[in-house]
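Colleague: Submitted below is the structure of interest, expressed as structure tokens.
The values are calculated or read from the model by the stated rules, or taken from the named source; none is laboratory data. Because the structure is a prediction, the values reported are computed rather than measured. Neighbour counts run over all protein chains shown; Cβ positions are idealised from the backbone, glycine included. Only protein heavy atoms, including side chains, enter the accessible area calculation; ligands, DNA and RNA are left aside. Shrake-Rupley method; radii C 1.70, N 1.55, O 1.52, S 1.80 Å.
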Amino acid sequence: MTRDQALQLLSIFCDRFLPDFGTYQDAMTVKSWSVFHARISFALNVKLLSPSEVIEAAVSSWKNSTPAFEFHQLEGFVRQIAGWREYMRCLYWSHMPEYAQMNFFQHHRKLPVWYWTGQTKMNCLSHAIGQSLEYAYAHHIQRLMVTGNFALLAGIDPDEVDQWYLGIYIDAIEWVEITNTRGMSQYADGGLAATKPYVSSAAYIDKMSDYCTQCHYVKTLKTGKNACPFNSLYWSFLESNREKLIANPRMTMMYRVLDKMSTEDRNALMKQAEIYLSQLDDL
Ligand SMILES: Cc1cc2nc3c(=O)[nH]c(=O)nc-3n(C[C@H](O)[C@H](O)[C@H](O)COP(=O)(O)OP(=O)(O)OC[C@H]3O[C@@H](n4cnc5c(N)ncnc54)[C@H](O)[C@@H]3O)c2cc1C
Ligand code: SF4
């Protein structure tokens, strides 16, 4: 990529995608690999674009738009760069090199083989990994709530998760990769980057995407042969890490739901999770 191409990408984003950025920033679909995202992280990270010029271009596009687009579309974009990106940079420089060794949950499982091929029956993962292998790109929610979410629920070693993200994405440069992966997505830093682990069952993925409708697994099933693995793994993750998470006020509601389940239901969920954890490569 050249500086001219980077500027062209920024200009296309401001004209065509920024007016809807905020509305669709968390959406995932099989119909598009970048949705309304800017695809400028590589250009920013290798300094073909500066954060301030990107923000100035976006603000100027908002000011000059006719008809005007809503302010929250602009705000959603600017805060990613002036907020998250700068925050990650500070986190890296204030906590390395210790950050690279952190493993709050003491997770030690191996990454399933299909992370390197996309060959899994879980449509969300197959799609997010497939496009990552093809374009070296996935947008934030795919990285956080699909590939990252599954790795955390399955108890994968953060070293393995880091190596995968570093190897796969075109924008992966250590200071911004490790803080997002080990910190925000795997909570291996015990809460320096995020206030709670970003984990979810199938309900969130279904709400934000069209993945579940074409999946081998059934999003609403928690146990049984075709039950969506995210469901039992989610509750088993909470149960296994109860001691570490129970005091976190942002987790209280989920533990309440878990504790209200009958012993029979809870045991069935834990058993289902054990089955899936014992055959991760075959999911
Ligand atoms: C597990 C995980 C790993 C990630 N690894 C990387 C990485 O190696 N390199 C990288 O640049 N980003 C990383 N991110 C952040 C984010 O996913 C990418 O910056 C974004 O997807 C790049 O696509 P885009 O340019 O279309 O972003 P847009 O959604 O259009 O956002 C615009 C810009 O905001 C910045 N931004 C948004 N979110 C973040 C964030 N959480 N941290 C830092 N900057 C952000 C990026 O510079 C991005 O280009 C990671 C996120 C997660 C959850
Ligand atoms: S049903 Fe489960 S595995 Fe399938 S796409 Fe939905 S969340 Fe992913």
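Colleague: When the accessible area of region 26-83 is computed with all protein chains present and a 1.4 Å probe, what percentage of it is carbon and sulfur?
Modeller: Working: 1780 of 2980 Å².
Of the solvent-accessible surface of region 26-83, carbon and sulfur hold 59 percent.
Colleague: Here's another thing I want to ask about it. Find the centroid of the Cα atoms in region 255-283 and in region 1-70, then give the distance between the two in whole Å.
Modeller: Cα centres, region 255-283 to region 1-70: 41 Å.
Colleague: Under a straight-distance cross-link criterion of Cα-Cα below 29 Å, which lysines are reachable from K222, leaving out those fewer than 8 residues away in the same chain?
Modeller: Leaving aside lysines fewer than 8 places away in the same chain, those within reach of K222 are K31, K110, K121, K196, K207, K244, K260, K271.
Colleague: Take every Cα-Cα distance within the chain, group them into 5 Å bins from 0 onward, and report for each bin the whole-number percent of pairs it holds.
Modeller: 1, 5, 12, 15, 17, 17, 13, 9, 6, 3, 1, 0, 0
Colleague: Check each of the trypsin sites (Lys or Arg not before Pro) in region 241-270 and keep only those in coil by DSSP with at most 13 other C-beta atoms within 10 angstrom; list them in order.
Modeller: Working: sites: R242, K244, R250, R256, K260, R266; in loops: none.
Passing sites in region 241-270 do not exist.
Colleague: With angles folded into 0 to 90 degrees, how steeply does helix 3-12 sit against the dominant principal axis of the chain? Use alpha carbons for both and round to 10.
Modeller: Value to nearest ten degrees: 80.
Colleague: Just subtract the alpha-carbon distance of Q8 and A68 from 0.36 nm times their residue separation and send over the number in nm, one decimal.
Modeller: Working: separation 60, 0.36 × 60 = 21.60 nm, distance 2.20 nm.
Taking 0.36 nm per residue and subtracting the Cα distance, the gain is 19.4 nm.
Colleague: Something else: Please give the length that would be gained between T223 and I55 if that part of the chain were fully extended, namely 0.36 nm times their separation in residues minus their C-alpha to C-alpha distance (nm, one decimal). If you can, show how the numbers build up before the last one.
Modeller: Details: separation 168, 0.36 × 168 = 60.48 nm, distance 4.71 nm.
Here the answer is 55.8 nm.
Colleague: Sticking with this structure for a sec: Over the chain, average the accessible area per residue using a 1.4 Å probe and give it in Å², no decimals.
Modeller: Working: 13640 Å² over 283 residues.
Result: 48 Å² of accessible area for each residue.
Colleague: Mind checking which aspartates and glutamates have their C-alpha under 20 Å from K225, skipping anything on the same chain fewer than 8 residues away?
Modeller: D206, E264, D265, E274, D281, D282
Colleague: Treating only the Cβ atoms of Lys and Arg (+1) and Asp and Glu (-1) as charged, compute the dipole magnitude of region 171-283 about its Cα centre; round to the nearest 20 debye. List each step's numbers first, then the result.
Modeller: On the way: 13 positive and 14 negative charges, 108 e Å.
Approximately 520 debye in magnitude.
Colleague: Count neighbours as other Cβ atoms within 10 Å of each site's Cβ, and list the trypsin sites (Lys or Arg not before Pro) in region 25-101 that are DSSP loop with at most 13 such neighbours. Don't skip to the end; give the middle numbers.
Modeller: Details: sites: K31, R39, K47, K63, R79, R85, R89; in loops: K31, R39, K47.
Loop-located and lightly packed - K31, K47.
Colleague: Contact order normalised by length for the chain, with contacts defined as Cα pairs under 8 Å and 6 or more residues apart; what percent is it? Can you show the working numbers first?
Modeller: Values: 366 pairs, mean separation 49.6, N = 283.
Here the relative contact order equals 18 percent.
Colleague: Would you mind calculating the gained length between S240 and S34 on full extension (0.36 nm times residue separation, minus the Cα-Cα distance), in nm to one decimal? Don't skip to the end; give the middle numbers.
Modeller: On the way: separation 206, 0.36 × 206 = 74.16 nm, distance 3.50 nm.
Going from the current span to full extension adds 70.7 nm.
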